1. Give, to the nearest whole percent, the P(r) tail of the stretch 186-231 beyond 18 angstrom, counting all Cα pairs.
2. Distance between the C-alpha centers of the stretch 112-185 and the stretch 64-111? Whole Å please.
3. Could you tell me how many degrees, from 0 to 90 and to the nearest 10, lie between the Cα long axis of helix 35-48 and the main elongation axis, the longest principal axis, of the Cα atoms of the chain?
4. For the stretch 2-227, what is the Kirkwood hydrodynamic radius in Å, using each pair of distinct C-alpha atoms?
5. Given Ile26, Met174, Ile207, which one lies farthest toward the positive end of the charge dipole of the stretch 2-227, if we put +1 on the Cβ of every Lys and Arg and -1 on the Cβ of every Asp and Glu?
6. Angle check, please: helix 204-224 long axis (alpha carbons) against the longest principal axis of the chain (alpha carbons), in degrees 0 to 90, nearest 10.
7. Using only Cα atoms and rounding to the nearest 10 degrees, what angle (0 to 90) does helix 19-31 make with the longest principal axis of the chain?
8. Sum up the charges of everything whose Cβ sits under 15 Å from the Cβ of Thr80, counting Lys and Arg as +1 and Asp and Glu as -1, but leave Thr80 out.
Amino acid sequence: MVAVILDFVQRNPYLFSNVPGLAVVILLAWRTRHRDYARAAIFSGLACVPCSLAEVTATAYWRPKMLGGMTWGIESAIFTFMAGTAVWLIAAASIRRECAIGTRAFSEVFRRMTPGALAVTALYVALWRTGVNCVTAALTAPAGLLVWVLIRRPGLARLSVAGFGFWIPLYFFMVRAQFAFWPDYSSYWNPGGTWGTRFLGVPLGEIAWAAIMGSIWPVAIAWALDVRLEKRAPAEGEELLPVQTDARGASLLAQPDVCMEEKP
């Protein structure tokens, strides 16, 4: 029985290679003390799942084995949820204390996110239908959205920089580890062409996808949720301003009359 299970796991790398990452991002989001940071991470993962439908257009780039022999499956949903959650956790890690979701009504989030999502999807499909490689289309289609959002919220640029800088190496080593545990997994990518060329064993298309995902997705999520990077409120017992003291070191707060002129 054990041998049968191990054989099943070995023959389905796209499904099982992303399960550890899925478990890690869920655990991190669950354990963090910063509630809006965690909520935004889960929303980021869920919002990314519809992007998995692009899998059906990627057969020229790679042909993964999925349960049921389909071109889209549960594997696609697991990967996109994991990636969407992980990118936010990484890009927003440095501002997790200041992270505050500005809009909590689903209708408002939907209103903010839908126009950009439809525009990017339409451009991607148009490029793909005219013969543009799926990876090239994925790199090109969302670029305008990033510029549009950053013009309106230039402060979100640090999310883009952090996502770009940290997601690329993390995803690179994730793919390398997956290839090490599932040697046949690398054969799912079609060799040849610009994006099929390997860099240190990883297809260039994966590195390019990580770059665009890391730089654009956290900004799109921050825009959809109207995330505000506010200053952290002082914890109980903390002072808003440094305590001022007199020459003897005593707190002036305890001497309210010290700032008053003495009456003759």
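1. Tail of the P(r) past 18 Å holds 48 percent of the pairs.
2. When both Cα centres are located, 13 Å separates them.
3. Once rounded, one gets 20 degrees.
4. Over the stretch 2-227, the inverse of the mean reciprocal pair distance is 18.1 Å.
5. Toward the positive end, the furthest listed residue is Ile26.
6. 40 degrees
7. Orientation of helix 19-31: about 10 degrees from the principal axis.
8. Every neighbour counted, the sum reads -3.
Only the coordinates and a few stated rules stand behind these numbers; no lab work does. All values reported here derive from a predicted model rather than from experimental measurement. Methodologically, a virtual Cβ is constructed for each residue, glycine included, from the backbone with ideal geometry; neighbour enumeration extends over all protein chains shown.
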